[in-house]
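Comments concern the structure below.
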Amino acid sequence: MTVAKGHADQVIERFSKPGIIEQQEGFVDIKIMQKKQGRGEEEVIVMITWESETHWKQWEKSDVHIAGHRANRGKSKPDYMLNMELGMYEVKAAKKAAGKAEISE
């Protein structure tokens, strides 16, 4: 997501709050990252990981997910939200450091 300067924290806060998604079968985690940049627009990436594509599809079709989007239908996006892209990626390889715990904040 690309947001106006000074608004990345609002997006980060929104996606950091506890939600129903964490209770869904197959949910692994959410990582929220902010691109380091000096001036101008800010970029925030929200990466949601599922155990499988099937689990993700179950979430997309779930009543709670659909209800959440339905509740926002017709509402205009916040003025600070400049651009949002959605992409689906398939993990092809992953590595973990030997003997280290996962990173968390």
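What follows is calculated from the coordinates using simple rules that are stated; it is not laboratory data. The structure presented is a predicted model; accordingly, all values stated were derived computationally and were not measured. Every residue, glycine among them, receives a Cβ derived from its backbone with ideal geometry; neighbour counts consider all protein chains shown.
Within segment 25-44, the set of residues being closer than 18 Å to L86 by Cβ and either assigned to a loop (DSSP other than H, G, I, E, B) or without any contact (Cβ under 8 Å) to a residue 12 or more places away in the chain (or both) comprises just one member, K35.
If you go through segment 45-54 and keep only what is without any contact (Cβ under 8 Å) to a residue 40 or more places away in the chain and touching a Phe, Trp or Tyr at 6+ places or on another chain (Cβ under 7 Å), you end up with just W50.
If you go through segment 1-56 one residue at a time, how many are exposed (fewer than 11 other Cβ atoms within 10 Å of the Cβ), among the small types (G, A, S) and closer than 29 Å to A93 by Cα? Of the residues in that region, 1 qualify.
So is Q37 polar (S, T, N, Q) and more than 23 Å from A67 (Cβ to Cβ) or not? Spell out the reasoning first.
Working: polar (S, T, N, Q): yes; more than 23 Å from A67 (Cβ to Cβ): yes.
The answer is yes for Q37.
Name every residue in segment 1-53 that is among the acidic types (D, E) and under 21 Å from K77 (Cα atoms), in order of residue number. Explain how you work it out, then say what you get.
Taking segment 1-53 as the starting set, the residues that turn out to be among the acidic types (D, E) are 9, 13, 22, 25, 29, 41-43, 51, 53.
Once the filter is applied, which keeps residues that are among the acidic types (D, E) and under 21 Å from K77 (Cα atoms), segment 1-53 yields D9, E13, E41, E42, E43.
A single member of I12, I48, I20 is under 18 Å from G87 (Cα atoms) and of a type outside the set (D, E), and it is I48.
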